[in-house]
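Working notes, beginning with the structure itself.
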Amino acid sequence: MMLLKLENPRTRLIAMAMLTVVMLVLPFALTGSFESGKSWIRTIDFALLYIMLALGLNIVVGYAGLLDLGYIAFYAVGAYLYAILNSPHLAAVLPVWLISPSFPVMILMAGLVAGLFGVLLGSPTLKLRGDYLAIVTLGFGEIIRIFMNNLDRPINITNGPQGINNIQSIHVAGYDFGRPIEFLGLSFEKVHLYYYLILAFCLLIIFVSMRLQNSRIGRAWVAIREDEIAANAMGINTRNIKLLAFAMGASFGGVSGALFASFQGFVSPESFVLMESIMVLCMVVLGGMGHIPGVILGAIIVSITPEILRDVINPLQHALVGRKVVDPENLRMLIFGLAMIVIMLLRPEGLWPSKRRKAEFHEKDEEAKA
């Protein structure tokens, strides 16, 4: 418990230093320790992307209290924007200045365009709450996916269900992240390079989220979540603050989508189904809504646990009954779903909630003790 609280500044500094060292050497440790080390690094790369998505959704759901079931649409916007501008698909018809923009410009464009889509979603839903807002955002997410699936005619923009391939990797300071790079006697392959790149953006988004949480805007979001009428009576412009929550959360999703497209080298509508939105929402709820460390923990558990189960289920079935009885994909999702239900029953506030949220869920217990 003391390690989690880290109230002592010296203890906190030591923990941060140790965590930094672990994160820096983790790719090489995995590569040297496991035959499938590269696949595990790839899994961690995607886990970092999910952390970015969960932190973006945490702004909308955790801070502002706006239930969004279509958040993956902003991920798709960022990914397709990067794919269209950095692949041969539309290179013949796009203006020269738009083809393969520099990496900082591309990331900025992905964040701004996704943020604009967030405002477009938020504007007509300002008066909606709860289930009604969830249904509208769910519809928005499905509309974006269906658009991406059908914008191959009469003008082929997204290449429909076949998706866009041959997407260029990121180039930074003359280095191509799609090819191995030799540095200080070490060979950094693509999964290693993207690990450090995505980790840097993940840390940046964590920093921004922490600053927002303790800012006037963050307190305004919490006020709206607790009581919108009271917040409005106190002079908070609830309309603009809610639009800002949608835009800021969407921009995080757009940036992570651009990184996903460059890392994957291929995007298609199948990557942005409703289940992805549900998974990101589970990360926020499981970890602890409105609490940044809890959201990070939830994202790591939800994204990595199914992959661990994938490697465990087949050997376990062969050891117990000598053959494969149940398909690993179905069984791992069943186990994962049951684990989620148990955790939500035992700890509805999340695995690592904030002090305020924990007090809200255990208020009756405290009164009973008193």
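At a glance:
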{"read-out": "Stretchable slack from Val105 to Ala15, in nm (0.36 nm times residue separation minus alpha-carbon distance)", "value": "28.9 nm"}
{"read-out": "Rg over Rh, two decimals, the stretch 105-226 (C-alpha only, Kirkwood Rh)", "value": "1.07"}
{"read-out": "Accessible area expressed per residue, the chain, with surrounding protein chains retained (probe 1.4 Å, Å²)", "value": "53 Å²"}
{"read-out": "With all protein chains modelled, accessible area of Thr31 [1.4 Å, Å²]", "value": "60 Å²"}
{"read-out": "Distance between modelled label sites at Asn237 and Gln162, nm, 7 Å Cα→Cβ extension", "value": "4.8 nm"}
{"read-out": "Spin-label pair Ile343/Val119, simplified geometry with 7 Å Cα→Cβ offset, distance in nm", "value": "3.6 nm"}
{"read-out": "Kyte-Doolittle mean at least 0.0 and Cα axial length at least 24 Å: DSSP H helices in the chain", "value": "9-33, 37-57, 103-122, 130-150, 190-213, 238-264, 292-321, 328-346"}
{"read-out": "Carbon + sulfur, % of accessible area of the chain - ligands and nucleic acids excluded, 1.4 Å", "value": "67 percent"}
{"read-out": "Mean Cα-pair separation over length for the chain, i.e. relative contact order, pairs under 8 Å, 6 or more apart, %", "value": "28 percent"}
{"read-out": "Gap separating the Cα centres of the stretch 256-293 and the stretch 137-169, nearest whole Å", "value": "17 Å"}
{"read-out": "Length released on extending from Leu112 to His318, taking residue separation times 0.36 nm less the Cα-Cα span", "value": "69.1 nm"}
{"read-out": "Total charge dipole magnitude, the chain, about the Cα centre, Cβ charges on Lys, Arg, Asp, Glu only, Debye to nearest 20", "value": "580 debye"}
{"read-out": "Inter-site label distance for Asp327 and Ser215 at 7 Å from Cα along Cβ, in nm", "value": "4.6 nm"}
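The values are calculated or read from the model by the stated rules, or taken from the named source; none is laboratory data. Just so you know, these numbers come straight off a predicted model, no measurement behind them. Heads up, the Cβs are rebuilt from the backbone with ideal geometry, glycines too, and the neighbour counts pull from every protein chain shown. Surface areas here come from the heavy atoms of the whole protein model, side chains and all, with no ligands, DNA or RNA. Shrake-Rupley method; radii C 1.70, N 1.55, O 1.52, S 1.80 Å.
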